[in-house]
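Peer 1: Here it is, the structure, as structure tokens.
The values are calculated or read from the model by the stated rules, or taken from the named source; none is laboratory data. Computed from a prediction, not measured in an experiment: that's the story for all the values here. Don't worry about glycine lacking a Cβ; one is built from the backbone with ideal geometry, like all the others, and counts go over all protein chains shown. Side chains included, ligands, DNA and RNA excluded: accessible areas come from the protein's heavy atoms. Shrake-Rupley method; radii C 1.70, N 1.55, O 1.52, S 1.80 Å.
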Amino acid sequence: MGKIWMPGGAGGADLDVTTAGEGDILSGKVIVGPDGEPLTGTLALTGNAADSQVLAGKTYYNTDAKARRTGTMPNQGAVAPSGLNAGGSYTIPAGYHNGSGKVTANSLASQTGVQSGKTAAGAGQVLTGYEAWVNGNRVTGTMANQGAKTSSLSCGGSYTIPAGYHNGSGKVTANSLASQTSADAGAGDILTGKTAWVNGSKVTGTWKGYDLDTKTYTTNPIVIWWPPVTQWCFGLVRRGSNGVAVAFFALDTDAIHRYSLTNPNYCSYVLVSQDWSTRNITVEIKGADTITATCYFVNRKVNW
């Protein structure tokens, strides 16, 4: 066993107990090795951590073995924020996280729900070709796209508006009143005080009733000249006192109509003919010498 003599000392040091090597000695420092020879250390501290990178409250050595440092990194533990909505964000705080933290986003249903008092849209309320999220579910639209519907209506008609989306350019147009009231009556054809619609215009009647021109004949036969300004003529024919009463009617080039006011058989007693070129009507009662006929010329058309 080697020994080192230390002059002026109390004794010698036992070098056999030396276990440190140069890697255990700070770089640049010299000690006596186990063999009694000088031993230069090679241990160098090469840390590069900053205080902010070491957990707060923990100590460490960096490049100076004699300078103990204390970390300042915040200990965030298990951060567990919640209530994150779509499009939102959460800023993760600087520091140490222990791996148990969790960021929780709100459910899609809670973010795509309807407001209080409102009704959730279904496929029929979403235009076809479009999609929407309702109460957390994807809804594919089935609402028909009607575009611009058009229709024309006459009085009393109707148009059923089809279900679906209308782009605001559609139009339901009522046909003109003139197209629905085609007629040829004038004010003189309508009784005074009455109104009618003719070709889209309201017409107030001015006709005060039948304008009659009366003539009486007492021969047999009788020839009645029918004035050209007259639309109708009619007469009552009697044969003496036996009560034969026959009315006859004529309208322009229409045939003359006969009927008895008392007995249909009496019609055969009356012979009527007309000459439209001279506008003469001949009336004769068979078996009678004379007759009494009162004829009325009417300057307005009558429906009979």
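Peer 1: Counting only protein chains, not ligands or nucleic acids, how are SER151, SER277 ordered by accessible area (probe 1.4 Å), most first?
Peer 2: Details: SER151 25, SER277 100 Å².
Sorted by accessible area, descending: SER277, SER151.
Peer 1: THR104: accessible area at probe 1.4 Å, nearest 10 Å²?
Peer 2: 60 Å²
Peer 1: Rounded to a whole number, what % of the accessible area of the stretch 72-185 do carbon and sulfur atoms account for, probe 1.4 Å?
Peer 2: Exposed carbon and sulfur together represent 50 percent of the surface.
Peer 1: Taking the full set of protein chains and a 1.4 angstrom probe, give the accessible area of ASP51 in square angstrom, rounded to the nearest 10.
Peer 2: 50 Å²
Peer 1: Kindly state, to the nearest 0.05, the FRET efficiency for ARG69 paired with VAL17, given R0 = 25 Å and r defined as their beta-carbon distance. If you can, show how the numbers build up before the last one.
Peer 2: Numbers: r = 33 Å, r/R0 = 1.31.
Plugging the Cβ-Cβ distance into 1/(1 + (r/R0)^6) gives 0.15.
Peer 1: Provide the gained length on full extension for the span ALA105 to THR119, in nm with one decimal, where the gain is 0.36 nm per separating residue minus the Cα-Cα distance.
Peer 2: 2.5 nm
Peer 1: With +1 on each Lys and Arg Cβ and -1 on each Asp and Glu Cβ, and nothing else charged, work out how big the dipole of the stretch 30-79 is about its Cα centre, in Debye to the nearest 20.
Peer 2: Rounded to the nearest 20 debye, it is 320 debye.
Peer 1: Please calculate how many Å² of accessible area the stretch 105-221 carries per residue, with a 1.4 Å probe and no DNA, RNA or ligand atoms counted.
Peer 2: Per-residue accessible area for the stretch 105-221 comes out at 69 Å².
Peer 1: Next question, about the same structure. Loop only by DSSP, 16 or fewer other Cβ within 10 Å of the Cβ. Give me the chymotrypsin sites (Phe, Trp or Tyr not before Pro) in the stretch 83-169 that pass, ordered by residue number.
Peer 2: When the chymotrypsin sites (Phe, Trp or Tyr not before Pro) of the stretch 83-169 are filtered for loop state and at most 16 Cβ neighbours within 10 Å, TYR90, TYR130, TYR159 remain.
Peer 1: Still on this model: SER154 label point, 7 Å along Cα→Cβ, cut-off 20 Å on backbone N: hits in the stretch 168-207?
Peer 2: Hits in the stretch 168-207 for SER154 at 20 Å: 172-185, 196-202.
Peer 1: With unit charges on the beta carbons (Lys and Arg positive, Asp and Glu negative) and the dipole taken about the Cα centre of the stretch 1-156, which residue among GLY21, GLY156, THR119 sits farthest to the positive side?
Peer 2: GLY156
Peer 1: For the stretch 81-198, what is the relative contact order in percent, using Cα pairs closer than 8 Å and at least 6 residues apart in sequence?
Peer 2: Reported relative contact order: 16 percent.
Peer 1: So how much accessible area does SER89 have, in Å² to the nearest 10, using a 1.4 Å probe?
Peer 2: About 100 Å², ignoring ligands and nucleic acids.
Peer 1: Something else now. From the protein chains alone at 1.4 Å, what is the descending order of accessible area for ARG68, ARG279, largest first?
Peer 2: Correct descending sequence by accessible area is ARG68, ARG279.
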